[in-house]
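A short worksheet on the structure shown next.
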Amino acid sequence: MPGAETVAMALARGRALLVAADSPDSGLDARLLLQAIMDLDHAGVISADRQVLTPEQVRRFDQYLARRLAHEPVSKILGQRDFYGRSFKVTADVLDPRADTETLIDLALAQGPGSGGRVLDLGSGSGAIICTLLAEWPAATGLAVDLSAAALAVTAENAERLGVNARITLVQGDWFFGVTGRFDLIVSNPPYIPAGEIAALEPDVREHDPHLALAGGADGLSCYRAIAAGAGAHLAAGGRVIVEIGAGQQTDVAAIFAAAGLVLTAERLDLGGHVRALQFAARS
C-alpha cells in the first residue's frame with residue numbers, strides 16, 4: 001500500500017519529531033502514545049512492528065504528537081497516570097501525580113493506619129494519595145478536602161475506579177474548613193512553589209498543571225503554615241502528619257511545624273536524593 005506506515009515507522013517518526021523539539025523521554029513518549037492508539041501494551045507494540053496503521057490511527061497519532069510537541073504531558077493527553085502500581089484518571093484540573101509523591105506513600109505505609117484508621121488528605125487533587133492509602137489499608141476510611149470542585153470530581157472518579165468510594169468522604173473547602181473530628185493520619189502534597197518561580201517552570205508543568213496546585217505563596221511555605229496551624233486540633237492520640245515538600249525546604253517546614261507544637265519524627269528521600277516527605281507528631 002503506497003504511503004502506508006507500519007508501527008515501527010510510526011515510532012521512528014514520532015521519536016524523531018520529539019527529539020528535534022528537545023522533548024525529554026522522546027522514545028518512551030512516542031511509544032506510550034502509539035500504545036494507547038492501538039490499545040496494546042509494550043510487548044504488543046514490539047511484536048506488531050510490521051503491522052500497518054489505519055488512516056484513522058495515523059491521524060490520531062499525529063494529533064497526539066502535536067499535543068506533546070506543545071508540551072502537554074503524555075498523562076494529560078491520555079487522561080491517565082500510573083501511581084504506586086495503580087492507574088489514576090488525570091485532567092487539566094488536577095496536578096499530575098509524580099513518582100516523588102510515592103515517597104510520601106512509602107512513609108505513610110511504614111506504620112499502620114492507626115487505631116481508628118481515619119485518614120485526612122488536604123488538597124486531594126486527583127485523589128492519588130488518599131485512594132492509594134485506602135486501597136493499601138482495606139479497613140481505613142478517609143476524608144478528602146480540596147478547594148476545587150473539579151478536582152474533587154476527579155478524586156471521586158478515582159475512588160470509584162479503585163473500589164474505595166464507600167470509604168471516602170469529599171469536602172470542598174480550604175484546608176481544614178468544614179473538617180470535623182480527629183484523624184490518625186493527615187497527609188498533604190500542598191502547593192510549594194514560590195509564586196515568583198512559577199514562570200520559570202518547565203512548560204509541561206507551568207502550562208498544564210493548575211496553578212492552584214503549584215503556587216505556595218511568596219516563599220512557597222504559606223500552605224505549610226495553614227496545615228501546621230490546624231493539624232493539632234485534628235490529630236488523634238498518636239496520630240501523624242505527613243507532607244511532601246520541595247527540595248531544600250525541610251528546615252523551614254520543620255520549623256513551622258515545631259512552632260505549632262509538632263515534632264519531626266521521620267523523613268524520606270526521593271529518587272534524586274532530596275528530602276521529599278516529612279512526618280510530624282504531637283510533642284509529648
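The values are calculated or read from the model by the stated rules, or taken from the named source; none is laboratory data. These numbers come from a predicted model, not from an experiment. Note that we place each Cβ from the backbone using ideal geometry, even for glycine, and neighbour counts take in every protein chain shown. Protein only, heavy atoms only, side chains kept; ligands, DNA and RNA dropped before computing areas. Shrake-Rupley method; radii C 1.70, N 1.55, O 1.52, S 1.80 Å.
How many residues are of a type outside the set (D, E, K, R), touching a residue at least 60 places away in the same chain (Cβ under 8 Å) and crowded, with 16+ Cβ neighbours inside 10 Å if we restrict to region 181-204? I'd like the intermediate steps shown before the answer.
In the first step, residues of region 181-204 are kept if they are of a type outside the set (D, E, K, R); the result is 181, 183, 185-196, 198-201, 203.
After this cut, where a residue has to be touching a residue at least 60 places away in the same chain (Cβ under 8 Å) as well, the list is 181, 183, 185-191, 203.
Narrowing the set further to residues that are crowded, with 16+ Cβ neighbours inside 10 Å leaves 183, 185-191.
The total comes to 8.
Is there a residue in region 124-147 that is at positive phi, touching a residue at least 60 places away in the same chain (Cβ under 8 Å) and in contact with a Ser or Thr (Cβ under 9 Å, 6 or more places away or on another chain)? Yes; the residues of region 124-147 include at least one that is at positive phi, touching a residue at least 60 places away in the same chain (Cβ under 8 Å) and in contact with a Ser or Thr (Cβ under 9 Å, 6 or more places away or on another chain).
If the condition is being β-branched (V, I, T), in a helix (DSSP H, G or I) and touching a residue at least 12 places away in the same chain (Cβ under 8 Å), then region 1-33 contributes only V7.
Select the strands (runs of 3 or more DSSP E) contained entirely in region 78-174, then report the ones holding at least 2 residues which are surrounded by fewer than 22 Cβ atoms within 10 Å (Cβ to Cβ) and of a type outside the set (D, E).
Numbers: elements: 80-83, 86-89, 118-122, 141-146, 168-172.
Passing ranges, in order: 80-83, 86-89, 168-172.
Go through A36, A66 for me and flag whichever is open to solvent by less than 50 Å² (accessible area, probe 1.4 Å), assigned to a helix (DSSP H, G or I), under 18 Å from H208 (Cβ atoms) and modelled with pLDDT of 90 or more. Give the steps one after another, and end with the answer.
Values: A66 fails: open to solvent by less than 50 Å² (accessible area, probe 1.4 Å).
Of the residues listed, the single one that is open to solvent by less than 50 Å² (accessible area, probe 1.4 Å), assigned to a helix (DSSP H, G or I), under 18 Å from H208 (Cβ atoms) and modelled with pLDDT of 90 or more is A36.
As for region 238-250, it holds at least one residue that is over 18 Å from I129 (Cα atoms) and buried (at least 19 other Cβ atoms within 10 Å of the Cβ).
Just one residue in the set T251, T169 is in contact with a Leu (Cβ under 9 Å, 6 or more places away or on another chain) and hydroxyl-bearing (S, T, Y); that residue is T169.
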